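Engineer: Here it is, the structure, as structure tokens.
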Amino acid sequence: MFQIEIYPFSFFLGFISATIFWLLASRARPLWEEMRANLKEQREAAESRKTNTVEENHRRITLRRAQGMHLAAQLFALDEILQEPMLIAPPQNVEPGMPPKFEDVISQTLPYLPAWPEIAAVYLPQALTLPQAISGNANIVIVGQPGVGKTVALARLASLAANRSENLEALKGHIPFLFHVADLKLPIADPKDALNPLIEAASEHAPIFDLGKLPDFFKNTFKNGLALLLVDGFDEIPPESQQVISEYFKIVLQNYPQTRIVTTGAPEYLDGLIPIGFAPLTLCTWSRHQNEKFMEQWGQLWSQTVAMEAWAQTGPDQVDPLLLNVWLSADNAHLTPLEITLKAWGAYAGDSLGPHVLEVIATHIRRIAPANTPLAALETLGMQVMTNSTPVFDPRKARAWVKSFEIAEETPEGEASEQLEEKEAEAIKEDTKPKKGKKIEKVVATPTSGLLGKMAASGLLINHPNNKMRFVHAVFAGYLAGHALTYYNAEETILNQPDWSGKYLAMRYFAAHGDASKLVQSLLEFSRLPMHRPLFAAARWLRDAPKNAPWRGKLFGTLAAILQSEGIPLSLRGQAMAAFVLSNDPSAATLFRQFSTSLSFELVQLAVLGVGAMRDAKSIRALENVMDAPSLSVRRAACMALVAIGTNESLEIVAQTLLTGDEDIRRAAGEALANDSSEGYDMLRDGITINDILLRRAVVYGLGRVHHAWALDALKRLQVEDEQWVVRNAATEVLDAKTNINLLAPNKLRAPADTPWLIEFAGKNGTGISPGVPATDILLLALKSDDPDARMAALPFLKYTPTEGVLIQLYDAMYKDDPELREAAYNILWEIGLSGVKLPHPSQYGFG
């Protein structure tokens with residue numbers, strides 16, 4: 001056996017040493033923890049500095065790009081010439097048990113016309129700024145006709161986000177990612193690579209030292225829910241391409257559900273966006289006041305900058321901007337911001353081909369086209385783009401379209417040109433092959449010679465990555481295509497295309513230059529309830545078409561029939577009214593005056609709004625007579641129309657109504673006067689000093705529609721100092737509505753299983769709602785119930801399940817005697833139709 005011998009001295013020495021070591025280690029532990037924390041902070045700080053540098057560079061580049069995303073970018077920065085974009089507030093969803101949101105008289109009286117914002121520009125219903133519109137939690141699609149300023153709206157939003165504007169409130173810290181659909185290489189093979197198209201597109205503009213850091217920057221931003229994705233051009237592409245983009249949005253939102261997306265859309269088609277929760281908001285065209293303000297800004301900037309250039313000094317003497325603006329403002333009714341911009345540019349530059357809007361567009365195309373380029377070459381390119389439904393095209397393929405117009409190069413024609421064509425063909429072939437295991441390199445089509453290269457250099461075309469090109473604006477492509485179609489029999493090709501903005505642009509400008517009788521006849525045959533989309537598309541041609549065009553009479557007759565049809569929604573009949581107004585045809589005002597004597601109050605209401613939008617002074621006597629109608633809606637519309645006409649006589653009638661009318665019509669008069677920034681404002685200022693309770697109450701509601709500091713100050717004084725509680729309460733209501741304007745912004749619908757009113761309704765009917773299911777049956781039961789709030793609240797949910805059974809009940813709601821339900825059902829059907837669902841004629845289900 002072994003015997004273990006212990007040496008006391010060694011044992012105690014080791015014991016003491018270990019004790020001292022662990023004592024020191026325990027005392028040093030906070031120091032070690034501090035050292036580790038410092039090292040972690042240093043690593044995080046280094047990572048933060050790296051990220052912040054990339055972020056700041058990205059914000060700076062985005063701001064610079066956004067400031068150049070407008071028609072006159074070669075002259076002025078966007079913020080210098082900007083008119084604040086406004087979006088028409090959508091109809092508000094009803095939630096049982098909750099108080100209704102504040103709605104002014106103007107919005108109650110004017111039908112909701114998202115496809116015709118020109119009428120809203122006259123009467124100014126409740127509207128939202130861009131920051132207010134995105135203050136909800138819904139993703140937005142900005143809807144509008146070509147040239148209304150959708151790209152500018154996105155650029156404005158990008159600029160605000162890049163500058164961390166306080167106006168963005170909750171989204172102030174979000175980082176903008178601004179792209180055009182042509183920048184994105186789609187579709188993607190793997191949903192896990194959802195950010196790759198964005199990273200590749202951003203790499204085209206990023207500093208070279210940031211390229212390696214972009215993937216982490218994008219992933220962190222999207223993962224943390226700080227991404228504001230702004231995608232332009234969705235409105236310009238055909239349905240097949242829209243499906244690719246909307247599917248991509250769906251993938252991004254699945255991977256990064258907190259991402260906020262804003263894109264652009266056309267009123268004809270929004271394939272795939274509605275089903276994934278996008279809310280369409282209509283961009284309002286400029287009001288008369290905005291037109292005047294724009295002209296004033298343009299004149300000042302031109303005098304301070306462009307007029308100082310050497311070429312301008314050696315030309316003819318500059319005309320006084322005041323005189324020019326008076327002339328320019330004479331005939332701006334219902335023009336788009338694009339058309340007004342081009343009109344001002346031509347007048348100040350002195351190169352305009354004429355005052356008509358078609359001549360204004362032709363002037364700018366000539367201005368930005370390469371020198372000595374045949375017009376036929378431009379028209380051929382535009383026509384090929386439209387007939388092939390390729391607004392974003394491959395320049396290598398497009399070269400064949402305009403090859404006959406190319407100027408011969410000073411190189412041998414034989415072998416050299418053959419080799420060039422072979423290389424292009426091989427490039428196209430190679431571009432279509434699937435690439436496996438290869439790192440994707442950025443390829444940008446930047447032709448340096450040939451006609452397309454010259455067009456890109458002059459600014460008529462824009463280059464995009466991955467061999468893509470497009471016209472600088474869809475209106476120019478449509479104009480050139482429409483003019484070219486007058487020499488070819490290609491109308492059928494255009495007509496048979498799926499609905500997209502390019503199709504309607506080409507037909508519109510064809511109708512302006514040629515005989516569109518066959519097109520109109522075909523569209524009228526296609527047009528049907530409940531939307532009549534082909535009819536209203538053709539109605540937009542009336543403004544620019546020759547006054548003696550043989551098809552105008554038939555189109556006007558069809559519009560008049562819809563305008564007079566009883567029992568259909570005002571939002572549908574109102575589109576016919578808007579079409580008459582925008583036609584600028586003198587007979588339209590005469591027709592409205594005739595309809596204003598009808599026994600149908602709805603027809604009178606629309607006719608009155610029509611003469612007001614046309615500013616027809618001959619209708620003042622008729623409008624004064626209408627003020628005695630038993631219908632409150634008609635009398636409200638008359639007040640609005642009289643203020644829109646804006647003569648001393650018409651304003652005097654409204655002022656008299658404000659002084660002596662009943663309580664309801666006084667409020668309508670007060671709100672209507674807020675649309676007149678001169679005499680109307682003065683009447684409201686005077687009204688708050690008059691010792692008449694009902695008058696001051698009406699003036700309060702009018703001041704609530706004036707967006708100036710003096711009006712806000714007056715409301716705050718009345719809220720506190722007025723002797724009558726009726727006036728004080730009205731001021732409180734108006735101030736609360738102004739403070740809570742963000743409540744009008746669209747929000748995502750909660751799942752049916754998380755919706756309190758629906759759960760309660762289901763319980764009363766002896767059933768429940770399972771999570772993850774659409775609850776269509778219980779929603780249809782609510783739509784058919786006797787509870788008006790439940791009926792209204794069920795409608796927004798049903799647009800996501802447009803089955804035949806749902807459509808039948810929506811048609812039934814649209815034909816009920818309840819005006820509010822009828823309009824709401826029609827708006828839901830409009831959204832369903834926008835999403836690509838083919839809506840059957842109501843007669844198929846026994847309606848209409």
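Engineer: Quick test for you: out of PRO257, PRO275, PRO207, PRO238, pick the one residue that is open to solvent by 10 Å² or more (accessible area, probe 1.4 Å) and either more than 24 Å from the chain's Cα centre (by Cα) or of a type in the set (Gly, Ala, Ser) (or both).
Structural biologist: Details: PRO257 fails: either more than 24 Å from the chain's Cα centre (by Cα) or of a type in the set (Gly, Ala, Ser) (or both); PRO275 fails: either more than 24 Å from the chain's Cα centre (by Cα) or of a type in the set (Gly, Ala, Ser) (or both); PRO238 fails: either more than 24 Å from the chain's Cα centre (by Cα) or of a type in the set (Gly, Ala, Ser) (or both).
Just one listed residue meets the conditions, PRO207.
Engineer: Right, another one. Consider ASP676 carefully, then state whether it is of a type outside the set (Lys, Arg) and part of a helix (DSSP H, G or I).
Structural biologist: It is false that ASP676 is of a type outside the set (Lys, Arg) and part of a helix (DSSP H, G or I).
Engineer: Please work out if PRO550 is under 27 Å from PRO498 (Cβ atoms), touching a residue at least 12 places away in the same chain (Cβ under 8 Å) and assigned to a loop (DSSP other than H, G, I, E, B).
Structural biologist: Spelling it out, it is not the case that PRO550 is under 27 Å from PRO498 (Cβ atoms), touching a residue at least 12 places away in the same chain (Cβ under 8 Å) and assigned to a loop (DSSP other than H, G, I, E, B).
Engineer: Let me ask something else. Any residue in the range 99-107 that is of a type in the set (Asp, Glu) and part of a loop (DSSP other than H, G, I, E, B)?
Structural biologist: Yes, that holds for at least one residue.
Engineer: A further question on this structure: Right, LEU684: under 22 Å from LEU124 (Cα atoms) and either touching a strand residue (DSSP E or B) at 6+ places or on another chain (Cβ under 8 Å) or assigned to a helix (DSSP H, G or I) (or both) or not?
Structural biologist: When the stated conditions are applied, LEU684 passes them.
Engineer: How many of the residues making up the range 717-745 are among the hydroxyl-bearing types (Ser, Thr, Tyr) and closer than 24 Å to ASN93 by Cβ?
Structural biologist: 1
This table checks each residue for (1) open to solvent by less than 10 Å² (accessible area, probe 1.4 Å); (2) touching a Leu at 6+ places or on another chain (Cβ under 9 Å).
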site	(1), (2)
THR129	no, yes
SER159	yes, yes
LEU171	no, yes
PHE177	yes, yes
LYS192	no, no
LEU198	yes, yes
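Engineer: Identify the single condition in (1) open to solvent by 10 Å² or more (accessible area, probe 1.4 Å); (2) within 27 Å of LYS250 (Cβ to Cβ); (3) assigned to a loop (DSSP other than H, G, I, E, B) that ALA138 does not satisfy, given that it satisfies every other one.
Structural biologist: For ALA138, the failing item is (1).
Engineer: If I ask for residues that are under 18 Å from ILE274 (Cβ atoms), among the small types (Gly, Ala, Ser) and either assigned to a helix (DSSP H, G or I) or touching a Ser or Thr at 6+ places or on another chain (Cβ under 6 Å) (or both), which ones from the range 811-843 would you list?
Structural biologist: Scanning the range 811-843 gives ALA824, ALA825, GLY833.
Engineer: Quick one: in the range 351-405, which of the residues that are of a type in the set (Asp, Glu) and assigned to a loop (DSSP other than H, G, I, E, B) is nearest to the chain's Cα centre (by Cα)?
Structural biologist: ASP394
Engineer: Still on this structure, I have one more. Somewhere in the range 254-277, is a residue modelled with pLDDT of 95 or more and of a type in the set (D, E, K, R)?
Structural biologist: yes
Engineer: In the range 796-810, what residues are assigned to a helix (DSSP H, G or I) and touching a residue at least 60 places away in the same chain (Cβ under 8 Å)?
Structural biologist: Residue satisfying the conditions is PRO796 alone.
Engineer: Somewhere in the range 656-666, is a residue buried (at least 23 other Cβ atoms within 10 Å of the Cβ), part of a loop (DSSP other than H, G, I, E, B) and not β-branched (Val, Ile, Thr)?
Structural biologist: no
Engineer: Also, I was wondering about something else. Go through (1) within 30 Å of LEU335 (Cα to Cα); (2) in a loop (DSSP other than H, G, I, E, B) one by one and return the number of the condition HIS205 breaks.
Structural biologist: With (1) within 30 Å of LEU335 (Cα to Cα); (2) in a loop (DSSP other than H, G, I, E, B) applied to HIS205, the lone miss is (1).
Engineer: Only residues that are of a type outside the set (A, V, I, L, M, F, W, C), more than 15 Å from SER135 (Cβ to Cβ) and assigned to a helix (DSSP H, G or I): list them for the range 153-174, please.
Structural biologist: Of everything in the range 153-174, those that are of a type outside the set (A, V, I, L, M, F, W, C), more than 15 Å from SER135 (Cβ to Cβ) and assigned to a helix (DSSP H, G or I) turn out to be ARG156, SER159.
Engineer: Of the residues ALA711, ALA669, ALA698, only one is at negative phi and surrounded by fewer than 23 Cβ atoms within 10 Å (Cβ to Cβ); which?
Structural biologist: Values: ALA669 fails: surrounded by fewer than 23 Cβ atoms within 10 Å (Cβ to Cβ); ALA698 fails: surrounded by fewer than 23 Cβ atoms within 10 Å (Cβ to Cβ).
Matching residue, one of ALA711, ALA669, ALA698: ALA711.
The values are calculated or read from the model by the stated rules, or taken from the named source; none is laboratory data. Remember, predicted model here, so these are calculated numbers, not experimental data. With ideal geometry, Cβ positions are generated from the backbone for all residues, glycine too; neighbour counts draw on all protein chains shown. With ligands, DNA and RNA removed, areas are computed over all heavy atoms of the protein, side chains included. Shrake-Rupley method; radii C 1.70, N 1.55, O 1.52, S 1.80 Å.
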